[in-house]
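Data first, discussion second: the structure below is written as structure tokens.
FYI, it's all coordinate maths here, none of it is from the lab. Computed from a prediction, not measured in an experiment: that's the story for all the values here. Cβ placement follows ideal geometry from the backbone for every residue including glycine, while neighbour counts extend to all protein chains displayed.
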Amino acid sequence: MSPRDPARSALAEGWPVLLTSVVVGATFGVVARQSGLSVIEASASSLLVFAGASQFAMLDLLKGGAGAVEIALAILLINARHLLMAASLRPHFAHLPVSRRLGLAYVLTDEAFAMGIGWFRRGHREVSYFAVFGVGLWLCWNVSTIAGAVLGAGIDHPERFGVDFAITAVFVAIVAVSARHRTDLAVALAAAAVAAALKLAGASTLAVVVAGAVAPLTAVALRADTPADDEPAARDVT
């Protein structure tokens, strides 16, 4: 795909992530309805929060009887990683007016960050790549949330269809698309190991935060010990 056509490149490279986000969004809609939320409430969550991990954590907290303040603080803690992602992207967006930067911030997610930073790391400068992928992800997530919420009340035990693995599939797709060096793969494996260990220990919400902190620390440690000419794990096919 020609780098001169960043919009098409975003869709051509990002379609596996977009596809899996449809499954995760529908799953959220189903689980939200079965957790007692209305279709409007489930849709509003995806529209206003637009952060899958924290939205699922919200449902777990609601089921556990948590209060509004506790839920808000938990979501704030989980989404704090967006500050680091925004800081990493800022040099590429600094030339844009504030209104456009705010719009791009709205569609900033783990998936959009991974796709966007990978694009910029390859030497491209077109912000439209990030914008097209981010808006595409937003559409997939919100439409599938509504679909899942509308159909969710009639689906008993959705976990038997394996939908509980859907959010994991999204991040597997992100790694498959964006990992291009041995360092990328090592960081992903380290974060996955920490998150899995905490998940098994019963600290699901904490797993996201701790794994998010481990990833950049691992990257810094590895880059300090890795030659600058580290061989790519996958060739750039764009």
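What percent do you get for the relative contact order of the range 1-58 when only Cα pairs under 8 Å and 6+ apart count? Don't skip to the end; give the middle numbers.
Values: 20 pairs, mean separation 12.2, N = 58.
About 21 percent, as a whole number.
Counting other Cβ atoms within 10 Å, keep those with at most 13, restrict to DSSP loop, and tell me which trypsin sites (Lys or Arg not before Pro) in the range 46-138 are left.
On the way: sites: LYS63, ARG81, ARG100, ARG101, ARG121, ARG122, ARG125; in loops: ARG122, ARG125.
When the trypsin sites (Lys or Arg not before Pro) of the range 46-138 are filtered for loop state and at most 13 Cβ neighbours within 10 Å, ARG122, ARG125 remain.
Pull out a ≥ b ≥ c, the square roots of the eigenvalues of the alpha-carbon gyration tensor of the range 1-132, then state rounded if a/c is under 1.5, prolate if not and a/b is larger than b/c, and oblate in the remaining case. Present the calculation step by step, with values, prior to reporting the outcome.
Values: a/c = 2.72, a/b = 1.77, b/c = 1.54.
Here the range 1-132 falls in the prolate category.
Return the FRET efficiency for the residue pair ALA221, LEU84: r is the Cβ-Cβ distance, R0 is 22 Å, and the value is rounded to the nearest 0.05. All intermediate terms of the calculation are to be shown ahead of the outcome.
Values: r = 17 Å, r/R0 = 0.75.
Taking R0 as 22 Å, the efficiency between ALA221 and LEU84 is 0.85.
What is the calculated FRET efficiency for LEU76 to LEU47, with r their C-beta to C-beta distance and R₀ = 22 Å, to the nearest 0.05?
Working: r = 18 Å, r/R0 = 0.83.
Computed FRET efficiency for LEU76 and LEU47: 0.75.
Out of the range 1-61, which trypsin sites (Lys or Arg not before Pro) are coil in DSSP terms and have no more than 15 other C-beta atoms within 10 Å?
When the trypsin sites (Lys or Arg not before Pro) of the range 1-61 are filtered for loop state and at most 15 Cβ neighbours within 10 Å, ARG4 remain.
For the residue pair ALA193 and VAL143, what label-to-label distance in nm results when each label sits 7 Å from Cα along the Cα-to-beta-carbon direction?
Here the answer is 4.0 nm between the modelled labels.
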